[in-house]
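Chemist: Sharing a structure, written as structure tokens. Questions coming.
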Amino acid sequence: MSLRILSVSLKYEPDVVVARQRARQLARLMAFDAQDQVRIATAVSEIARNAFRYAGGGTVEFGVEGRTPPQLLEIVVSDRGPGIAHVAEVLGGRYRSATGMGVGILGARRLMDQFDVQTQPGAGTRVVLRKLLPRAAGFLGPARLAAIADELAREAPQSPIEEVQRQNQELLQALDELRRRQDELTRLNRELEDTNRGVVALYAELDEKADHLRRADELKSRFLSNMSHEFRTPLNSITALSYILLDRVDGELTPEQVKQVTFIRTAAHDLSELVNDLLDLAKVEAGKIVVRPIEFEIDNLFGALRGMLRPLLVNESVNLIFETPDGIPAVFTDEAKVSQILRNFISNALKFTERGEVRVTATFDAASDTVVFAVADTGIGIAPEDQELIFEEFTQVESPLQKRVKGTGLGLPLTRKLAQLLGGGVAVSSTPGVGSTFSAVIPRVYPRATGVEADAASTPAGDASPTAPVLVVDDDTAALTIYDKYLKGSGFGMIPARSLRDARQALSVVRPRAILLDIVLHGEESWKFLAELKAADATRDIPVIVLSTTDDPGKGLALGADVYAVKPVQRDWLLATLRGVTGVARVPAALVIDDEDASRYVLKRLLTEIGCTVTEAPNGAGGLDLARRLHPDAIFLDLGMPEMSGQQVLAELKSDPALADIPVIVVTAKALDDRTRDELRASVVGILSKDHDSREAALAALLEAWAKAGLAPV
């Protein structure tokens, strides 16, 4: 206890009454409201009575804990009695003695913010009760505590009869309040009964209409889906026949016939686009669109779009520009659907831009962990009153270009639905005659893959192996980024929460293995939240590590924190602490250095199966940098890489004292001669070939190399 105010000895039964009186007086002097004064006095009375009844006496000590406001009122009731034999059952609410023991302890625990029992058979019991001081109390330093102690000394304890009378008055007030509330509840129940009758009738009518709408929507989706498929076959035939005619397979055509067949082919192509859009819309509305998230780089996506859309750029006075995305981490979502969203935006921009440019950009918002894709043009623009209409199905805005440019009116509605399917949304800003900017905000990690909606495991975007979820409650974006990097490849996955509201929402759907908690969050302090975590049955056993700039470990540990540290902390310390409080074993980490995407993918899948985290590097220089930063358990190295070969990388690894001890496994498609193999065996623990007849053979060879590296599969 940091600062003691007074102590009450429990030698005689009236001393229990004195302890109750002192608790109430002290709570009043510390600015607790009337209800809290009664709660504190009642809790102290119950525990003090237990100490006197079962241990023959004890001591009640009152004090204050904490070097920063709000502080804690700390009350310690200790005795030298026989101890509590069934403390786990008592605290769990499963034990009742002949005298009712256990009910008082449970009640006292509910009345206080923090409650701790330490007991040993034959060595006595120590019960600690804590409650956060109200803001009105301010900071209680030694001078103010001395003044409170003097005030208590001047207030003579009341006689037991007076205390009983006071308790009776409190009970009468409580009964009167309960009676008043009962009358109010009775009145409200009568009103609710009347309201419920109307609500039931309204719900019946709404259910009937909702059922009609549901059936109509199902019929519409089924009609669109069936008709789209029915249309597709004859359209494909028309398109194929038009190509046969234009290719002169059955003879020459007259110029007029060429023009007619070209019209037929164009009409069939436009109708085919309409059918495809209708089918996609029907699938989205019917919930049959499957999201297949994968990890990809924005730069690669832009490269594919650039080549795909170049044929649409028939107007030489319009430039299609893709800005190089800088500083955007890998994205884990459905690449095909993001590509479809951008294709719709870009094709619309090219249609309605006669001169100037169409610029495609991507920016990363670290605060919300989203990527903002934007397509800006210098086209005709859209009037403010039409900017919402364009996202409605079959709606097209009248414009001079509309007559020359054909469209279905389904592209933008489909784009909005696809963005919503990925957990994001779309927006438009436009000025007539100046241009338009269409944007799509897409979560960097597909929401259903983040771990908050998953069960008890979180999978970061760059890590295919299951991880133990850690709830990180911190409003500092930089700190969240640091913790994310600290936890990457460690066997732990971060669930970020930037406010206490976010933290409570996350806890409602996932049980983390541990919680990292900052104290000061955008003007709100998490002391009370810490007390709630340790008081609630659902979260009491979750380890809490407080990481804060507030240097008050005594108060944090008193409220139940398992570990308290002042920022900043080192990665090794944090991971060791997390493993210590959770019991989660360290997951082996592997680094794959290979310039071939397909080879890295195959090896990563195999390594994931044997239970390790995988980091990839597409070249030798990047691999060396990752090796120095991550110091993995093993390195898988391709020999045939451009710029910096595998042999050069191996020489750099072995010449660096910090990296020389990392086992290296060579993975190559080359046929190595005996001399090269002998040279490599002196520096590596294994040589794997990329050419295997089956997945089983590849996995067996990998396991053998993994064992040679001194590592065992998880």
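Chemist: Could you count how many residues in the range 547-563 are outside any loop (DSSP other than H, G, I, E, B) and either out of contact with any Pro (no Cβ under 8 Å at 6 or more places or on another chain) or not β-branched (Val, Ile, Thr) (or both)?
Modeler: 8
Chemist: While we're looking at this one, here's another question. Inside the range 519-558, can you point out the residues that are touching a Lys or Arg at 6+ places or on another chain (Cβ under 8 Å) and acidic (Asp, Glu)?
Modeler: ASP551, ASP552
Chemist: Can you tell which of ASP502, ASP537, ASP541 is part of a loop (DSSP other than H, G, I, E, B) and over 16 Å from THR582 (Cα atoms)?
Modeler: Just a single option satisfies the conditions, and that option is ASP537.
Chemist: List the pairs whose first member sits in the range 410-431 and is under 13 Å from GLU388 (Cα atoms), whose second member is part of a helix (DSSP H, G or I) and basic (Lys, Arg), and whose Cβ atoms are under 9 Å apart, counting only residues at least 6 apart or on separate chains?
Modeler: VAL426/ARG416
Chemist: So which of VAL291, VAL275, VAL284, VAL249 ends up being modelled with pLDDT under 70 and not in a helix (DSSP H, G or I)?
Modeler: VAL249 is the lone residue from the list that is modelled with pLDDT under 70 and not in a helix (DSSP H, G or I).
Chemist: Separate question: So ALA31 clears everything in (1) farther than 21 Å from GLU532 by Cα; (2) surrounded by fewer than 17 Cβ atoms within 10 Å (Cβ to Cβ); (3) modelled with pLDDT under 90 except one condition, right? Which one?
Modeler: For ALA31, the exception is condition (3).
Chemist: Going residue by residue through the range 84-93, is there one that turns out to be hydrophobic (A, V, I, L, M, F, W, C) and exposed (fewer than 15 other Cβ atoms within 10 Å of the Cβ)?
Modeler: Yes, the range 84-93 contains at least one residue that is hydrophobic (A, V, I, L, M, F, W, C) and exposed (fewer than 15 other Cβ atoms within 10 Å of the Cβ).
Chemist: Further, regarding this structure: Would you list the strands (runs of 3 or more DSSP E) that sit entirely within the range 301-383 and hold 1 or more residues that are of a type outside the set (A, V, I, L, M, F, W, C) and within 18 Å of VAL426 (Cβ to Cβ)?
Modeler: Strands (runs of 3 or more DSSP E) meeting the threshold: 331-333, 356-365, 370-377.
Chemist: Specify the residue that is surrounded by the most Cβ atoms within 10 Å (Cβ to Cβ); the eligible residues are those in the range 100-132 that are assigned to a strand (DSSP E or B) and of a type in the set (A, V, I, L, M).
Modeler: Only one residue fits best here, namely VAL127.
Chemist: Can you work out which of the residues in the range 133-151 that are hydrophobic (A, V, I, L, M, F, W, C) and outside any helix (DSSP H, G or I) is nearest to LEU3 (Cα to Cα)?
Modeler: So, considering only residues that are hydrophobic (A, V, I, L, M, F, W, C) and outside any helix (DSSP H, G or I), the one nearest to LEU3 (Cα to Cα) is LEU140.
Chemist: Please find, within the range 581-619, the residue that is nearest to GLY640 (Cα to Cα) out of those that are under 23 Å from the mean Cα position of the chain (by Cα) and part of a helix (DSSP H, G or I).
Modeler: Here the answer is THR608.
Chemist: Still on this model: Which numbered condition in (1) part of a helix (DSSP H, G or I); (2) surrounded by 16 or more Cβ atoms within 10 Å (Cβ to Cβ); (3) modelled with pLDDT of 75 or more is the only one that PHE263 fails?
Modeler: Of everything listed in (1) part of a helix (DSSP H, G or I); (2) surrounded by 16 or more Cβ atoms within 10 Å (Cβ to Cβ); (3) modelled with pLDDT of 75 or more, PHE263 misses just condition (2).
Chemist: Which members of the range 502-514 meet the condition of being over 20 Å from VAL584 (Cα atoms), more than 11 Å from the chain's Cα centre (by Cα) and modelled with pLDDT of 85 or more?
Modeler: Within the range 502-514, just ARG504 meets the criteria.
Chemist: Report, by residue number, each residue of the range 643-671 that is outside any helix (DSSP H, G or I), under 20 Å from PRO618 (Cα atoms) and under 38 Å from the mean Cα position of the chain (by Cα).
Modeler: Hits for the range 643-671 are LEU659, ILE662, PRO663, VAL664, ILE665, VAL666, VAL667.
Chemist: If only one of GLU177, GLU184, GLU208, GLU193 is acidic (Asp, Glu), in a helix (DSSP H, G or I) and modelled with pLDDT of 80 or more, which one is it?
Modeler: Of the residues listed, the single one that is acidic (Asp, Glu), in a helix (DSSP H, G or I) and modelled with pLDDT of 80 or more is GLU184.
Chemist: In the range 507-528, how many residues are assigned to a helix (DSSP H, G or I) and within 15 Å of VAL544 (Cα to Cα)?
Modeler: 3
Chemist: Find the strands (runs of 3 or more DSSP E) located wholly in the range 396-497 whose residues include 1 or more that are at pLDDT below 85, and list them.
Modeler: Those strands (runs of 3 or more DSSP E) span 468-473, 492-497.
The values are calculated or read from the model by the stated rules, or taken from the named source; none is laboratory data. The structure presented is a predicted model; accordingly, all values stated were derived computationally and were not measured. Don't worry about glycine lacking a Cβ; one is built from the backbone with ideal geometry, like all the others, and counts go over all protein chains shown.
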